[in-house]
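The values are calculated or read from the model by the stated rules, or taken from the named source; none is laboratory data. Note that the coordinates shown come from a computational prediction; the quantities given were computed from them, not determined experimentally. Cβ sites come from the backbone with ideal geometry, for glycine too, and all protein chains shown count toward neighbours.
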Amino acid sequence: MENKEKKEVQNKKITLTKNEIENKENIKNKENKKDKEQPKWGNLNYFNKFKLKNYVVTVISIILLYVVLNLTIDPNDIFSYTRGIYITILIFVLFSVSLNISVGIMGQLNLGQAGFIAIGGYSAAYISKILVNYHLPATLHLLIVSLFGGIIAAIFGFLVGASTLRLRGDYLAIITLAFGEIIKYIIQNLDFLGGATGFSGIPQGIITFSNVYFIVVISIIIVVMAMTSRKGKEVMSIREDEIAAENIGIKLNRVKLYGFTFSAFFAGVGGSLFAHNVGILAPDKFGFLFSIEILVMVVLGGLGSITGAVIAAVILTMLSEFLRDFSQFRYLIYSIILIILMIFRPKGIFGTKEFTFHETKQRIKEIRNSKK
């Protein structure tokens, strides 16, 4: 009897161990399936969490926003104040997103973004005055000169990136700051660009709210697609840890050149839109403070967050406009508000995260579950 009981106990132990092994294998298989289903770099790529429904909702939202904003503009008023504010906000959104590529996503402190904007703006304005004689459609005209300004700025971005490959931190900031100031003083001494008096006669009739809106939206979509691609993850790895990135086989020099060139290109496109919006370019506008103004937008929105850069640019541009009546106290109030925001939200509005419909749904569900 005792032997039978011992055998039964041993059989039970064997069956238990078999079941445990099977359960562990099932759990591992499920985890492997989940890893295969999830895209690589999934935790870093918030935009890849979009589903087809979310893409459709995003497109509809972009179109609805355009329709709503367009309805608030008086079509009969050529010098519409509302149109001017909308265009200014869109241009600064593009400035902020372009700087966020090099500073936020790549983690390289760039204080010379005003120089790239100036190069793009002056290049586009110079070509635009020549293209006026060909009587091209307004949108096509603006698109051509914007691409030209972006390409010229990208070339200079490549050269600056190539000359600062071994620099980082404060040293890189000083070099880029020097670049911005050098560009400003070179333009001041070029007579064919108007010199210190400014470059005037830039065609303003080609710029409208519609073409600026869609150029900016398409530019942001391209930035999002590029920065969430494999190349974009390489750019992001430099921000996280350069040594670790180099050890896993990422070629830092190529990636840095890519980041600087990409950032400068969209700064040049924004500079082209800016030039045609204001109608006259003065070298003094593209100084150190202009770069800092854009950098503040990036920091406020969150370093590395594209949607944060967009929202911060909208908030600060509108805030600057609302404080125009208090011109003597405008920068004081502006600074106090920024200090308060940085104290209570040091990582910026979004930090390194992005706004997506997928994340918003999850947060709403979490709030509802917590209330229950």
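Answer yes or no as to whether Leu94 is of a type outside the set (Asp, Glu), surrounded by fewer than 14 Cβ atoms within 10 Å (Cβ to Cβ), modelled with pLDDT of 90 or more and outside any loop (DSSP other than H, G, I, E, B). For Leu94, the condition - of a type outside the set (Asp, Glu), surrounded by fewer than 14 Cβ atoms within 10 Å (Cβ to Cβ), modelled with pLDDT of 90 or more and outside any loop (DSSP other than H, G, I, E, B) - is not met. For first residues located in the stretch 50-75 and polar (S, T, N, Q), partners that are surrounded by 11 or more Cβ atoms within 10 Å (Cβ to Cβ) and at pLDDT 85 or above and lie 6+ apart or on another chain with Cβ distances below 7 Å form the pairs Asn70/Phe209. Restricting to the stretch 235-266, and then to whatever is among the polar types (S, T, N, Q) and within 17 Å of the chain's Cα centre (by Cα), can you tell me which residue is surrounded by the most Cβ atoms within 10 Å (Cβ to Cβ)? Among those that are among the polar types (S, T, N, Q) and within 17 Å of the chain's Cα centre (by Cα), it is Ser263.
The residues on offer are Phe179, Phe192, and the sole one that is in a helix (DSSP H, G or I), aromatic (Phe, Trp, Tyr) and buried (at least 19 other Cβ atoms within 10 Å of the Cβ) is Phe179.
For the stretch 305-363, name all the residues that are among the hydroxyl-bearing types (Ser, Thr, Tyr), outside any loop (DSSP other than H, G, I, E, B) and at pLDDT 80 or above. Spell out the reasoning first.
Initially, the stretch 305-363 is screened for residues among the hydroxyl-bearing types (Ser, Thr, Tyr), giving 305, 307, 317, 320, 327, 331, 334-335, 352, 356, 360.
Keeping just the survivors that are outside any loop (DSSP other than H, G, I, E, B) gives 307, 317, 320, 331, 334-335, 360.
Once the filter is applied, which keeps residues that are among the hydroxyl-bearing types (Ser, Thr, Tyr), outside any loop (DSSP other than H, G, I, E, B) and at pLDDT 80 or above, the stretch 305-363 yields Thr307, Thr317, Ser320.
Within the stretch 343-353, is even one residue surrounded by fewer than 17 Cβ atoms within 10 Å (Cβ to Cβ), over 28 Å from Ile175 (Cβ atoms) and hydrophobic (A, V, I, L, M, F, W, C)? Within the stretch 343-353, one or more residues are surrounded by fewer than 17 Cβ atoms within 10 Å (Cβ to Cβ), over 28 Å from Ile175 (Cβ atoms) and hydrophobic (A, V, I, L, M, F, W, C).
You will find that of Leu136, Leu147, the residue that is in contact (Cβ under 8 Å) with a residue 12 or more places away in the chain, surrounded by fewer than 20 Cβ atoms within 10 Å (Cβ to Cβ) and not charged (D, E, K, R) is Leu147 and no other. From the residues in the stretch 236-264 that are in contact with a Ser or Thr (Cβ under 7 Å, 6 or more places away or on another chain) and in contact (Cβ under 8 Å) with a residue 60 or more places away in the chain, which one is nearest to Thr164 (Cα to Cα)? Selected residue: Phe260.
For Ile220, the conditions (1) in a helix (DSSP H, G or I); (2) without any contact (Cβ under 8 Å) to a residue 12 or more places away in the chain; (3) not acidic (Asp, Glu) all hold with the exception of (2).
Of the residues that sit in the stretch 286-304 and are in a helix (DSSP H, G or I), over 14 Å from the mean Cα position of the chain (by Cα) and in contact (Cβ under 8 Å) with a residue 40 or more places away in the chain, which one is nearest to Arg345 (Cα to Cα)? Give the derivation first.
Of all residues in the stretch 286-304, those in a helix (DSSP H, G or I) come to 286, 288-301.
Filter once more, so that each one left must be over 14 Å from the mean Cα position of the chain (by Cα): 286, 288-293.
Of the ones still in play, those that are also in contact (Cβ under 8 Å) with a residue 40 or more places away in the chain are 286, 288, 290-292.
Numbers: Phe286: 29, Phe288: 26, Phe290: 24, Ser291: 22, Ile292: 19 Å.
Among those residues, the one meeting the criterion is Ile292.
For the stretch 113-120, indicate whether the set of residues that are part of a helix (DSSP H, G or I) and touching a His at 6+ places or on another chain (Cβ under 9 Å) is non-empty.
Looking for residues that are part of a helix (DSSP H, G or I) and touching a His at 6+ places or on another chain (Cβ under 9 Å), one finds none in the stretch 113-120, hence no.
Output the number of residues of the stretch 161-174 satisfying the condition of being part of a helix (DSSP H, G or I) and either buried (at least 17 other Cβ atoms within 10 Å of the Cβ) or at pLDDT below 85 (or both). Qualifying residue count for the region: 6.
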